[in-house]
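A short worksheet on the structure shown next.
The values are calculated or read from the model by the stated rules, or taken from the named source; none is laboratory data. Just so it is clear, the model here is predicted, and its values are computed rather than measured. A quick note on method: Cβ atoms are made from the backbone with ideal geometry, for glycine too, and the neighbour counts reach across all protein chains shown. Each accessible area value is taken on the protein alone, full model and side chains, heavy atoms only, with ligands, DNA and RNA left out. Shrake-Rupley method; radii C 1.70, N 1.55, O 1.52, S 1.80 Å.
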Amino acid sequence: MQGGGAPTAARRAIVFRRARVSKGQATLYLVSVRRYIRDQMQGETSRSTSRRPRSAGLTRWAVGLAAGLSALLGASAVQAAPFAYLGEGPQLSIIDVASPSIVARIALGSSSASSSRTGPPGVAVHPAGTPVYVATNDDVAVVDVDSRTVIATIRVVGVSRLLMHPSGAFVYAIGFNFVAVIDTAANRVTATLPGGSAVVFGPDASVLPWQIFYVARSRDASQEAIQWGAPGDVPVPADYDGDGQADVAVFRPREGGEEGVWYVRRSSDGAVVRRQWGAVSLGDVPVVADYDGDGRADIAVWRPAEGGWYILRSSDGQGTAVRFGLGFDIPVPADYDGDGRADVAVWQPHTATGGVWLIFGSTAGLSSQPFGLATDIPVPGDYDGDGRADLAIWRPSTGLWAVLRPRTGTVEGVVWGAPGDVPVPRDYDGDGRTDFAVWRPSTGAWFIINSSTGGVTAVGWGTPGDVPVPADYDGDRRPDLAVFRP
């Protein structure tokens, strides 16, 4: 192939066979790969007037990258014979990193040469080192590295990227608005998931991939499926990094010998945060909120046995312990006094007079207010848009919403929902007021009364068994419809 322009990054993918390196080396490895690719692409762009054959330039680029990685990691860091794989157009090149040199070129079939697809020819390597999966147009070619032959071709129309699950059990073929799941044992597509903009492996990625956040974005109506979590995890999405977007996160009750392990994938940079905080053996439950008012959600748990609130402040990384509440209370943290900080608060459904709210305001101090019945569900929110959370309940037996206006003492009542529904109040229309909303597990339907217009929104998103986790994942200041599939 001849050409005067620089080879574009979109036309190649290079993947390295798994090597065992320390955590620090692995981080340096990723950073250096990105830097090397950037530098080489810039170099080829400046040399594009030399009219060299593009294939020759790519060969030198790949071999040079392999040499750089070999020097970076060192012989002691690599425990298995490493190979790199360069996907270019209709062929897969195998590079021996130790040499470094290209040791084989494998033709992927005539169909790839005839396609007009311009996306990257994604490459994914099985943890065992073979086979290698290569996206070629509307197919995924399965290449046996030992025999250096194509052993299977899987039809996936529109595939642009591939991602191997760390267990080796699945390959994700990512295209526009979809993710096809390929079973590597049978080499066939076993499921197609909605979304397609991202697939991210969560903690304990050896677990098979069925803990997924499904997000319907309010900003552009796009859909996203994000694998994050393991069986038994509790979803706790919130804006932990303060970038205005909710981060996917889970609270893991137990992991090995540890209890209360948090995993957060930051939306700002994609980094993963792991933190131990809490003990499920003592009954701890997550109560995430911005308690210190720095614009970032704080990791926190409530311990019913002792009424203890244990808060890890994001502002300084220090812990705070507050005793407030009894064993049968329900934690309801929110900013009731409007100072920008979530207040420690509980709702007591077990009192003789019905429900009682106890609030330890960060500015206003201690207050109590009877409101609701023992069978109600507390749903505090800023329903009037004054910047302070209102006391509110939802009555499952009748679908009644009742909101107490603290300044006037008046109660607003709306019937919305049916027995079996799950209340999910949020500011879905972005007008600064919490909207009445329910999610129906039997059908996956969302029913929302928009406070800005009084109109009703009904959307199907989710299936029975899902957990609703609405939050602002795209940063447009409107919560997105989302479910967590445990």
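Checking each residue of region 265-276 against the condition of being hydrophobic (A, V, I, L, M, F, W, C), open to solvent by 40 Å² or more (accessible area, probe 1.4 Å) and either without any contact (Cβ under 8 Å) to a residue 60 or more places away in the chain or in a strand (DSSP E or B) (or both) gives at least one match. Among the residues of region 394-404, those that are surrounded by fewer than 20 Cβ atoms within 10 Å (Cβ to Cβ) and either without any contact (Cβ under 8 Å) to a residue 12 or more places away in the chain or closer than 23 Å to VAL483 by Cα (or both) comprise ARG395, PRO396, GLY399.
Just name the residue that is nearest to the chain's Cα centre (by Cα) out of those in region 214-225 that are outside any strand (DSSP E or B) and buried (at least 19 other Cβ atoms within 10 Å of the Cβ). Talk me through it step by step, then tell me what you get.
Here is the first cut: in region 214-225, the residues outside any strand (DSSP E or B) are 217-222.
With buried (at least 19 other Cβ atoms within 10 Å of the Cβ) added as a condition, the list becomes 217-218.
Numbers: ARG217: 13, SER218: 16 Å.
Within region 214-225, the match that is nearest to the chain's Cα centre (by Cα) is ARG217.
Each residue in region 360-410 was checked for being more than 26 Å from GLY293 (Cα to Cα), modelled with pLDDT of 95 or more and of a type in the set (Val, Ile, Thr), and 2 pass. Name the residues in region 126-148 that are open to solvent by less than 10 Å² (accessible area, probe 1.4 Å), within 27 Å of the chain's Cα centre (by Cα) and under 17 Å from PHE83 (Cα atoms), would you? Across region 126-148, the qualifying residues are VAL132, TYR133, VAL134.
Among residues that are under 22 Å from ARG477 (Cα atoms) and in contact with a strand residue (DSSP E or B) (Cβ under 8 Å, 6 or more places away or on another chain), VAL288 is included.
Among the charged types (D, E, K, R), in contact (Cβ under 8 Å) with a residue 12 or more places away in the chain and in contact with an Asp or Glu (Cβ under 6 Å, 6 or more places away or on another chain): is that true of ARG407 in this structure?
Details: among the charged types (D, E, K, R): yes; in contact (Cβ under 8 Å) with a residue 12 or more places away in the chain: yes; in contact with an Asp or Glu (Cβ under 6 Å, 6 or more places away or on another chain): no.
Spelling it out, it is not the case that ARG407 is among the charged types (D, E, K, R), in contact (Cβ under 8 Å) with a residue 12 or more places away in the chain and in contact with an Asp or Glu (Cβ under 6 Å, 6 or more places away or on another chain).
Is it the case that GLY387 is open to solvent by less than 20 Å² (accessible area, probe 1.4 Å), of a type outside the set (Phe, Trp, Tyr) and more than 30 Å from THR443 (Cα to Cα)?
Taking the combined requirement at face value, the residue does not satisfy it.
Residues in region 372-415 that are touching a Pro at 6+ places or on another chain (Cβ under 9 Å) and of a type in the set (Gly, Ala, Ser): GLY372, ALA374, GLY381, ALA389, ALA392, SER397, GLY399.
Somewhere in region 282-304, is a residue within 19 Å of VAL346 (Cβ to Cβ) and touching a helix residue (DSSP H, G or I) at 6+ places or on another chain (Cβ under 8 Å)? Yes; the residues of region 282-304 include at least one that is within 19 Å of VAL346 (Cβ to Cβ) and touching a helix residue (DSSP H, G or I) at 6+ places or on another chain (Cβ under 8 Å).
Of all the listed residues (ILE174, ILE151), the sole one being surrounded by 21 or more Cβ atoms within 10 Å (Cβ to Cβ) and either free of Cβ contacts under 8 Å to residues at least 12 places away in the same chain or touching a strand residue (DSSP E or B) at 6+ places or on another chain (Cβ under 8 Å) (or both) is ILE174.
Within the bounds of region 248-262, is there any residue that is assigned to a loop (DSSP other than H, G, I, E, B), open to solvent by 40 Å² or more (accessible area, probe 1.4 Å), over 24 Å from ALA169 (Cβ atoms) and touching a residue at least 12 places away in the same chain (Cβ under 8 Å)? No, region 248-262 contains no residue that is assigned to a loop (DSSP other than H, G, I, E, B), open to solvent by 40 Å² or more (accessible area, probe 1.4 Å), over 24 Å from ALA169 (Cβ atoms) and touching a residue at least 12 places away in the same chain (Cβ under 8 Å).
Find the residue count for region 314-335, including only residues that are open to solvent by less than 60 Å² (accessible area, probe 1.4 Å), assigned to a loop (DSSP other than H, G, I, E, B) and free of Cβ contacts under 8 Å to residues at least 60 places away in the same chain.
8
Select, from SER442, SER452, the only residue that is touching a strand residue (DSSP E or B) at 6+ places or on another chain (Cβ under 9 Å) and small (Gly, Ala, Ser). Quick ask: steps written out before the conclusion?
On the way: SER442 fails: touching a strand residue (DSSP E or B) at 6+ places or on another chain (Cβ under 9 Å).
Result: SER452 is the single residue among SER442, SER452 that is touching a strand residue (DSSP E or B) at 6+ places or on another chain (Cβ under 9 Å) and small (Gly, Ala, Ser).
Working carefully through the options TRP309, TRP228, find the one that is modelled with pLDDT of 95 or more, of a type outside the set (S, T, N, Q) and surrounded by 15 or more Cβ atoms within 10 Å (Cβ to Cβ). Spell out the reasoning first.
Numbers: TRP228 fails: modelled with pLDDT of 95 or more.
Being modelled with pLDDT of 95 or more, of a type outside the set (S, T, N, Q) and surrounded by 15 or more Cβ atoms within 10 Å (Cβ to Cβ) holds for just one of TRP309, TRP228, which is TRP309.
Residues in region 426-433 include at least one that is in contact (Cβ under 8 Å) with a residue 12 or more places away in the chain, among the aromatic types (Phe, Trp, Tyr) and within 25 Å of ARG477 (Cα to Cα). Each residue in region 234-262 was checked for being within 14 Å of the chain's Cα centre (by Cα) and at pLDDT below 95, and 0 pass. Please indicate, with yes or no, whether at least one residue in region 438-449 is open to solvent by less than 10 Å² (accessible area, probe 1.4 Å), under 15 Å from ARG485 (Cβ atoms) and at pLDDT below 95. There is at least one residue in region 438-449 that is open to solvent by less than 10 Å² (accessible area, probe 1.4 Å), under 15 Å from ARG485 (Cβ atoms) and at pLDDT below 95.
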